[in-house]
Every structure is written in structure tokens, then in C-alpha cells.
Amino acid sequence: MFARSRWLVSAGALGSVCALLAGCGSTGSGTAGGASPAAARSAGASPSTGAVASPSAGPDQFTAPLTVNNPMFPLAVGTQFTYQGRIVQDGESKPHSVTFTVTDLSKMVDGVQTVVAWDRDFLEGKLQEQELAFFAQDDQGNVWNFGEYPEEYENGKFTGAPSTWIRGVDGAYGGIHMLSQPTMGMKYREGLVPAIEFDDVSVVTRTGQQDCLAGTCYKQVLVVDETSPNDPTSGHQIKYYSPPTGLIQVAARGGDSQEFLALTSVRHLGQAEMAKIRTEVMAMDQRAYKIKVYRTTKPVQPRSAS
């Protein structure tokens, strides 16, 4: 979803919230940064040392990867989340909205069947970016980032997808998007893709507290602070989650462009709407094969056939 704030050094000041993904390091069975296997499973790091945990998980740790029921980031087929807000850049505020849909398609990535999400980003009512994002849940309940294909648009015209990445290809690491048991102070890397200068490091800054956001009160709120070590000018993207909904708000601190979004609706789409989305997503999937790293994957397919 907001795999992104994408935190690309080469990206324009606009950035994009469409970024709930990412990762870092290697996709092998070991762990980066000297973390123990237990620490890797929880993606924990000692707040006192400031070390970043870069956990890994092989295909054998995903026995039911399409069942993403982590209460802080649930991905039930047919669910559509709509967020509305603004982007502030150079003192100017512009209307911004994001629509995130959980499709009924799956894609094999790095030996794991993944959920295909469709994320659409609008600036002043015009499509700015749309992406396919891939997620899977491991046996401990952690939700992982497996890659993304983000198409960029200018004045309504497709201009390319230079920030495409696939876990395990060209050194791309997809890390944990949502921890199974977030604990205050946990610091972990959601993604690291050297080829596109993508690096996303998250810190859990609040857990379990009640809060009222955008006129709605929640009994339990998790707050995660995301930054890019490669690009200090990108500032911080602050994400708020609450069970059983998931992402409920996005805020910003610092940086040359700031994005603010609040959840405005959660819908459960019918068969007709899902059929239209399936057609759109399959067309995007076919366009993506123009990108070299994407060619390592097989086409998306209906979940029933996966």
C-alpha cells in the first residue's frame, strides 16, 4: 500500500505513499547484520545499539502465504481501502488520494505464492502512479514484501516503471512489511534494492495505545516511523495502524515533500467490480514484462488456480 513511501533517492520530490512494501540484504536462510534466527523472526533489534535487523525467510516458512490475516495488515480478497489527504511541497498543498485493492490474483515470487495488490495514486484527481505490489504471510504471522511494479504517469500518459523490483533478483531484498508482534523500539529493514537506490528502515514508536485520528477513535494504535538512510532529505513517513482494519493514517515529519492521508472508506467489492479490476491488473502484469527483472516471474493467475 504505502510499500511505499517509496524512499527512492532518484525519485522526485513527490514520492508516493503507495508504498507498503520493501526489504534488504539477502534472501537466503541466514540473517543479515549478525542477527540471531530468533531475532530475525521477530525482526527485533536492540534500541540501545541502533542495529537494524534484516531478517530472511525461505519458501518452507510460507505454508499458507496467501492467508494474510495479520490484524495490523489484513489482505482479504475484494477489500478496497481509500485514503484522502494532501501532499505539501514548497509550501503548496495539493489534494491527494490513494486506492488500495486486494485482488483475487496471485503471483509466484522467489519460490513463494504472493497476494497481488493494486495501488492507485491520484494527485489533484489525476492518476500519478499505479502499482502491483506483492505480499505473503509467513507461518509466524509476519507479512513480507516481495516486490512491486510501479507505473508512473504524467498528464495521464504512462511514462515508465523505472522503480520495479522483485525479491531475490539483482540483489533485491524484500523484508517484513508488518511484524507479527510489534514491540516498542523494534528497528528493521523493510526493503533494500541497490539497483534503484531503494532503502526503507522502520522503527516501532508506539504500540497498543488508544488514539483519535481524523475524527475516529481507535482502541489500539500502532505507529511505525519509516526513513531512508540513503536519502536524509526524504524525511520521515509516519504510519498509523489499528486492528482489524490495518493502515488508517499516514503523516510526515521533515523532508522536502510531505504526504498526509487518512482512511476514508473500506469497501468489499462485488463480482462485477472484481472482474474489471482483474482485467486491469492482468494488463499491467503483461506490460511489466518489458522490465528485465520482472521477466524472472510467471504471469499472475487466479487464486483458485495457484
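The values are calculated or read from the model by the stated rules, or taken from the named source; none is laboratory data. Remember, predicted model here, so these are calculated numbers, not experimental data. Positions of Cβ are backbone-derived with ideal geometry, glycine not excepted, and every protein chain shown enters the neighbour counts. All accessible areas refer to the heavy atoms of the entire protein, side chains included, with ligands and DNA or RNA removed. Shrake-Rupley method; radii C 1.70, N 1.55, O 1.52, S 1.80 Å.
The figures follow:
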read-out	value
Residue count, the range 154-169 (criterion: without any contact (Cβ under 8 Å) to a residue 40 or more places away in the chain and β-branched (Val, Ile, Thr))	1
Lone unmet requirement of (1) surrounded by fewer than 21 Cβ atoms within 10 Å (Cβ to Cβ); (2) assigned to a strand (DSSP E or B); (3) over 14 Å from the mean Cα position of the chain (by Cα) for residue 120	(3)
Set 140, 80, 128, 89: member being open to solvent by 20 Å² or more (accessible area, probe 1.4 Å), of a type in the set (S, T, N, Q) and either under 16 Å from residue 246 (Cα atoms) or in contact with a His (Cβ under 7 Å, 6 or more places away or on another chain) (or both)	80
Cross-chain or 6+ apart pairs with Cβ under 8 Å, the range 228-240 first and closer than 14 Å to residue 193 by Cα, then open to solvent by 60 Å² or more (accessible area, probe 1.4 Å)	230/197; 231/197
Hits in the range 276-290 - residues which are of a type in the set (A, V, I, L, M) and open to solvent by less than 40 Å² (accessible area, probe 1.4 Å)	277, 281, 284, 288
Identity of the residue in the range 100-112, part of a strand (DSSP E or B) and in contact with a helix residue (DSSP H, G or I) (Cβ under 9 Å, 6 or more places away or on another chain), that ends up most open to solvent (accessible area, probe 1.4 Å)	104
Any hit, the range 57-76, residues being in contact with a helix residue (DSSP H, G or I) (Cβ under 9 Å, 6 or more places away or on another chain) and in a strand (DSSP E or B)	no
Residue that is least open to solvent (accessible area, probe 1.4 Å), among those in the range 164-211 that are polar (S, T, N, Q) and over 19 Å from residue 237 (Cα atoms)	164
Filter result for residue 159 (open to solvent by 30 Å² or more (accessible area, probe 1.4 Å) and polar (S, T, N, Q))	yes
Top-ranked residue in the range 86-113 [being at positive phi and of a type in the set (Gly, Ala, Ser); ranked as modelled with the highest pLDDT]	111
Flag if residue 293 is among the β-branched types (Val, Ile, Thr) and open to solvent by less than 50 Å² (accessible area, probe 1.4 Å)	yes
Those residues of the range 248-287 which are part of a helix (DSSP H, G or I) and either in contact with a Leu (Cβ under 7 Å, 6 or more places away or on another chain) or modelled with pLDDT under 95 (or both), in sequence order	278, 281, 284, 285
